[in-house]
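Remarks on the structure that follows.
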Amino acid sequence: MNKILFGRYVPGTSFVHRMDPRAKLILSLIYIVAVFMANSWSAYVVSFIIALTIIASSGIAPKFFWDGVKPLIGVILLTVVIQVFFGVGGHVYWHWGILSITSDGLLNAVYIAIRFVLIILVSTVLTLSTSPLEISGAIESLFMPLKKIHFPVYEMALMLSIALRFVPTLIDETEKILNAQRSRGANFSSGSIMARLKKLVSILIPLFESAFNRAEELATAMESRGYQGGEGRSKYRVLNYTKNDIIGTIFMMASVALIMVLRNWS
Amino acid sequence: MSIAFESVDFVYQAHTPFENLSLRNINLTIPDGSYTAIIGHTGSGKSTLIQHVNGLLRPTKGLVNVDGQIINANTKNKQLVSLRQHVGIVFQFPESQLFAETVVDDVKFGPLNFGVSDTEATNRAKDALQKVKLPEEFWQKSPFELSGGQMRRVAIAGVLATNPKILILDEPTAGLDPQGRFEMMELFNELHHKEQLTILLVTHQMDDVANYADNVIVMDGGQIVKNGAPVEVFRDTKWLIKHQLGLPKAANFAIKLADRGVKFDKMPLDISGLVHQIVNVKDRRPSHE
Ligand SMILES: Nc1ncnc2c1ncn2[C@@H]1O[C@H](COP(=O)(O)OP(=O)(O)OP(=O)(O)O)[C@@H](O)[C@H]1O
Ligand SMILES: [Mg+2]
């Protein structure tokens, strides 16, 4: 349970930490698009160097990034295997029925694996260096134009920040309930699938119960403190672009330009 | 069953920046059939300590020995099932563990997990519910329809029904009314005497310590800072106050009397001790007064 990185924020004062969350969010998205566009070795090498630079300027220990990639290794391998056996084009090395190993298939498999890793790394930088509140603040601010078409921006941002805020709480809660049931002899790692599912009920029901209670308490607490929706509320954390964001943007633009040039070259 | 901790360290979330050394070099022996109270202010590591006794947490360093079964960093969950049968834990706010459709079904959960037959489990459940004094009209209700105090009783019954040899109680009476609190504490005491249960009680109630425990462990910052009989631990009043711990009501009362010139032979810890001493003081009063 402790390994789950989602929603875990590592406080710090690095260059990346001090960037505006909106800039970080947009630049991360741009980077992800650029990585998808890259289609040559040189472009991937550049993308990789960019990712490493970002990681280095976040000042967060490499161990964290490994923890971010580790749980997804299975998914990456599966995609690679599918790509290897079903990819077509180029020289055919082996083939049996619809399965075949081709030079293009192999190359694409490697590219996909690299893309996966790069995207996980950069989005991990984003979630580790930006607190959940900042992220929802950024999304709220970026979606603000949608207010014109009556999109409930405040409500969405509030829902998002509450959801993010309660992820660690729910994890702790799950662990508590798990421990209580384990003490009563529940063994979640043995028995048939049906038996295991049945035991899972002893976790899920208390968890839902407490989540609903929490939601109700939170709603009551907010109302009793005068919450009336987001309209006209001022902000405690005011977002401001700074020098770091300009430097970050220029760096990213230059990198993307480089990737695009390399893409067209090969 | 006896419990021994040998140089136990425990770290929450090891190898992350959230790393938190919550137990440091714990050495401890709890004899079979004893009643031990664990006190210490919030965050001192009491709950962390007790979760080592049935292997929910495993020592980062050192080992825990429960009646010959060793628990260390490499112990697997599978090896712990039989141990958990003998160690019952009533967690802080245990009502959060209720899940079944009826009260009886919830209490049966533990015994059934330990391989007891359905009829036997039902008998044990009814027996346990009687012990915690939950009126029979509630037995077939959903646990979620009960009041907080009633839910607490069901949760405690759920642990008692597994027939543990070691009963661990993490602030079992927090949030109960005074009558419920008294009944629960008397129940645990009765189990301790009649069924020779080894009891570990985590509490902030110094009166419970004085009334029931024969041994006290004081924790601070993940370490054991004092370990002894209640009389010894409560003797050092200044030290206790410095560690943000109180005194039993009787001892507080005695100290106030002492401030006004009454002399006590030794510090009384419970009401009967206090009465006894006051009576003695009166007897010793010179006749001309
Ligand atoms: N799941 C966890 N992850 C990380 N740290 C934890 C976790 N549980 C407890 N801690 C930390 O370990 C320390 C000891 O906590 P513990 O729950 O054992 O205290 P306690 O003595 O039981 O306190 P209380 O009287 O409030 O119940 C605290 O500093 C706490 O912040
Ligand atoms: Mg505790």
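Computed quantities for the displayed model
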read-out	value
Gaussian network model of chain A, springs between alpha carbon atoms under 10 Å - residue of A:A211, A:A38, A:A219 with greatest fluctuation	A:A219
10 Å Cβ neighbours from other chains, averaged over peptide B:103-116	2
Distance from region B:141-194 to region A:19-91 (C-alpha centre basis), Å	53
Accessible surface of chain B [probe 1.4 Å, protein heavy atoms]: carbon and sulfur percent	49
With Cα atoms, 0 to 90° folded angle of helix B:178-194 axis to chain B main axis	80
Distance (nanometres) between label positions extended 7 Å along Cα→Cβ at B:D259 and A:L29	6.6
Spatial separation of Cα centroids for region A:112-191 and region B:229-250, in angstrom	45
Kyte-Doolittle at least -1.0, axis length at least 15 Å by Cα - qualifying DSSP helices, chain A	A:21-37, A:41-58, A:73-86, A:103-129, A:132-143, A:153-183, A:193-224, A:243-265
Bins of 5 Å from zero: percent of alpha-carbon pairs in chain B	1, 5, 11, 14, 16, 15, 13, 10, 7, 4, 2, 1, 1, 0, 0
Angle between chain B longest axis and helix B:118-131 axis [Cα atoms, degrees, rounded to 10]	20
Prolate/oblate/rounded call for region B:121-259, Cα gyration tensor, a/c under 1.5 rounded	prolate
Cα shape, region B:179-289, gyration tensor, a/c 1.5 rule	oblate
0 to 90° range, to nearest 10: angle between helix B:271-284 axis and chain B longest Cα axis	10
Residue mean of other protein chain beta carbons inside 10 Å, B:92-100	6
Distance between modelled label sites at B:D127 and B:I271, nm, 7 Å Cα→Cβ extension	3.2
Heavy-atom accessible area per residue - chain A, 1.4 Å, Å²	57
Within a Gaussian network of chain A (alpha carbon springs, distance under 10 Å), most fluctuating of A:V16, A:V110, A:V69	A:V110
FRET efficiency for A:M37 and A:I171, using Cβ-Cβ distance with R0 set to 30 Å, rounded to 0.05	0.25
The protein assembly as shown: C-alpha pair distances exceeding 31 Å, %	63
Heavy atoms of A:M253: accessible area, 1.4 Å probe, square angstrom to 10	90
Shielding score for A:164-177, defined as the mean number of other chain Cβ atoms within 10 Å	1
Antiparallel %, DSSP beta bridges [both residues in region B:3-247], to 5	55
Average Cα contact separation per residue, chain B, under 8 Å, 6 or more apart, as relative contact order %	21
Cβ-based charge dipole, the protein assembly as shown, positive-most Cα from A:I120, A:N108, B:Q51	A:N108
Accessible surface ranking that places the most exposed of A:L77, A:L99 first, with a 1.4 angstrom probe	A:L77, A:L99
For chain A: rounded, prolate or oblate by the Cα gyration tensor [a/c cutoff 1.5]	oblate
Rounded FRET efficiency, nearest 0.05, which uses the C-beta distance separating A:F48 from A:I73 and R0 of 22 Å	0.80
Over 24 Å (Cα to Cα) - which of A:K199/B:K133; B:K108/B:K133; B:K242/B:K266 fall in this group	A:K199/B:K133
Signed unit charges on C-beta, dipole axis of region B:3-247, positive-most listed residue B:T29, B:T42, B:P94	B:T29
Gaussian network model of chain B, springs between alpha carbon atoms under 10 Å - residue of B:I168, B:I70, B:I39 with greatest fluctuation	B:I70
Unit charges on C-beta of K, R, D, E only; dipole of region B:3-247, Debye	600
Region B:3-247 - accessible surface per residue (Å², probe 1.4 Å)	42
Net dipole in debye of the protein assembly as shown [+1 Lys, Arg Cβ; -1 Asp, Glu Cβ; about Cα centre; nearest 20]	1280
Estimated inter-spin distance, B:I278 and A:T13, nm [label 7 Å along Cα→Cβ]	5.9
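The values are calculated or read from the model by the stated rules, or taken from the named source; none is laboratory data. These numbers come from a predicted model, not from an experiment. Neighbour counts run over all protein chains shown; Cβ positions are idealised from the backbone, glycine included. Just the protein is used for accessible areas: all its heavy atoms, side chains included, with ligands, DNA and RNA removed. Shrake-Rupley method; radii C 1.70, N 1.55, O 1.52, S 1.80 Å.
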